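The values are calculated or read from the model by the stated rules, or taken from the named source; none is laboratory data. No experiment lies behind these values; they were computed from the predicted model shown. Neighbour counts run over all protein chains shown; Cβ positions are idealised from the backbone, glycine included. All accessible areas refer to the heavy atoms of the entire protein, side chains included, with ligands and DNA or RNA removed. Shrake-Rupley method; radii C 1.70, N 1.55, O 1.52, S 1.80 Å.
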Amino acid sequence: MVKAVKHYRPPGKKKEGNAAKFVTRSQALKQLQISLPLFRKLCILKGVTPREPKKKFKGTHQTYYHVKDVAFLHHEPLVEIHRAIRVHERKIKKAEAKKNHERATRLREKTPKPKIDRIIRQRYPRFVDALGELDDCLTMVHLFAALPASESKKIEVECVHKCRRLAHEWQAFISRTHKLRKTFVSVKGIYYQAEVEGQTITWLTPHSLQQVVSDDVDITTMLNFLQLYEPLLSFVNFRLYQSINLKYPPILDPRLEALAADLYALSRYASANTRSSVVNSEVSQAESEQAETKLKEAETGNETSELRLAQLQHQLPSNEPGALMHLVDEVTGEDEEDQDTKECKKLFKNMKFFLSREVPRESMLFVIPAFGGIVSWEGEGAPFGESDQSISHQIVDREAQGHRFLSREYIQPQWVYDCVNAQIILPTESYLVGRTPPPHLSPFINYDEEGAYIPDYAKTIQHLQAAARKEILPLPGVGKEDLEDPQNLLVEGVKDRAEANDAAQRKQKMMILEKQYHDDLKKELQGVTYTSAGSKETSTGVVQLQTGESTSNVQENVDDMGKLMLSRKKRKLLEAMEKSIKRKQAKNDLVKHRKKKIDEAQGQRS
């Protein structure tokens, strides 16, 4: 028999396997003839990610990309645009070296700028796809809206103001259409969750504090992401504003804009510009012409307003949004609103809030109008002052108050967030000024899971929700369908008991027959003849022995036999599920133990 000789690929021939499908990052750079920073930027804009081949033919320390992804980047027009930008920068540098400042300034003005519109249409062919990828986009835009402008970090003033404008336009739409569902205040910032066209969108906004950019943060990579996210959010805002029959971009009041009341200006614009085709408003032709002239003036004065805001940046708080109130009832598509939107719209109905100066104004002006409330603040541009007698709640965060009105309640800001998460108006006794508020529970935790730890205040909120909806809470292990038909409880109890008895009887019979079989084998080995009387005696003895066993052992044996009947794959899956349940139970037990220790310590102090 001739031994088969191993085939070696001669040099210059076609590659096979993973070597033909994947290339390393250095090989991709050589093929594209670009630098590493530009390659990273293109990967971010085009959505190209590294791959993990089954066999890393160049070593485990290399980063691999698919050949088709590299070819995808090779035909990208952005590569040629960035090459033209690099040539243009060389011309500017040469003009500055020759001290020809006029030419350098003229070249800077004519620097080619890449457009991301085509890439956004390629990556998100449907509007639902763009909404599904909006979580990171909103978080990044809100982050840069709160960052200070810095030349060393390459964070420009125009970039900060554009992010702030986009964030306020998004918040104005969410507040106007009542799409906000959950809020949670954490150390990192404030989490929001909204539902837009069936998509759940969750984003994080930083606190209204002075932000410090650390040197450990890669600002260049974040700016590359922001270059994609800014036009993406602009397209989304344009589509959403068109869906409620509003022009985009909105026209802002210059006075409110100078006072950093952008959201309040957006709200007034949304209230005053509902189209006649939907609201049947009687708008004359002269007013429409006047609106067009204002639009032209606003477009021409856009640059001056941005410069004015940049000058006021060091005087005003960096993240003051303005108010979102006076929302009109005639929002388009009211008949198509779902039940959640209708409930959220009526949560703070007929309530008037006033914010003190120490309260986080931006968040409150976003959350309260989103649930039907009317809100004002302390300062210029506010719709009403503190002395208004129709105010029902004043939100404060300090104990010392100069003057108190008996016609309103003074509460802490946490009450608003807890009411939003619970979807009911909670009692204000625990949130009064000077008292320690109850724990701020996260709405993103599902307390209905089996074996989950439920805090005491969560149980209180559940009882309040049931009382508000006139429901009866079921007992542990009992579903709501059982409360509707109490006969189900009795029927199911009888069925379960009958099934358990049948299983125990079958188990007893099996053990009796097995014992009888072993006894017969022993008798055959000893030469004893088989008799029916002996079998009866044996069976009665086994029955008497079996009746002494506990039902718990029977159940354990049944479970063990059930596991033995499973295949290895299903048995491993069952064991993994049991380990996960035990791990969750141990975690819940640890939380309960800590809670018990805290209660004991508080009892000893008191």
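Points worth noting:
- For segment 384-401, the Karplus equation 6.51 cos²θ - 1.76 cosθ + 1.60, evaluated at θ = phi - 60°, returns couplings of 8, x, 6, 7, 5, 6, 7, 5, 9, 9, 10, 8, 10, 9, 9, 6, 6, 10 Hz by residue, with Gly and Pro reported as x.
- Modelled spin-label separation between T60 and D340, with each label point placed 7 Å from Cα along the Cα-to-Cβ direction: 4.4 nm.
- From phi via Karplus (6.51, -1.76, 1.60), per-residue ³J(HN,Hα) for segment 153-169 in Hz, x at Gly/Pro: 8, 6, 9, 7, 5, 4, 5, 5, 5, 5, 5, 5, 5, 5, 5, 5, 5
- Solvent-accessible area per residue, Å², over segment 18-75 with all protein chains present [probe radius 1.4 Å]: 61
- Projecting label points 7 angstrom from Cα along Cα→Cβ for K91 and N501 puts them 9.7 nm apart.
- Within the accessible area of segment 117-243 (1.4 Å probe), percent carbon and sulfur: 51
- Heavy-atom accessible area for E449, with the other protein chains in place and a 1.4 Å probe, reaches approximately 100 Å².
- Highest-first packing order for the peptide set 174-180, 156-162 is 174-180, 156-162, based on the mean count of other beta carbon atoms within 10 Å.
- Segment 117-243, accessible area per residue, ligands and nucleic acids excluded (1.4 Å, Å²): 45
- Residues of segment 147-185 with an amide N closer than 17 Å to a point placed 7 Å from the Cα of D215 along the Cα-to-Cβ direction: 151-154.
- Approximating the spin labels as points 7 Å out from Cα along Cα→Cβ, the Q516-to-V187 distance works out to 7.0 nm.
- Under 28 Å of direct C-alpha separation, and excluding same-chain neighbours fewer than eight residues apart, K58 reaches these lysines: K6, K13, K14, K15, K21, K30, K41, K46, K68.
- Candidate lysines - alpha carbon under 25 Å from K523, same-chain residues fewer than 8 apart omitted: K507, K509, K515, K536
- Residue ranges 219-227, 573-581, 381-389 sort as 219-227, 381-389, 573-581 when ordered by packing (mean number of other C-beta atoms within 10 Å per residue, highest first).
- Summed residue charge, Cβ within 13 Å of L521's Cβ, Lys/Arg positive, Asp/Glu negative: -1
- Relative contact order for segment 18-75, counting Cα pairs under 8 Å that sit 6 or more residues apart, in percent: 52
- Mean Cα-pair separation over length for segment 403-463, i.e. relative contact order, pairs under 8 Å, 6 or more apart, %: 27
- Packing rank of 398-406, 511-519, 346-354, 366-374, where each peptide gets the mean count of other beta carbons within 10 Å, highest leading: 366-374, 346-354, 511-519, 398-406
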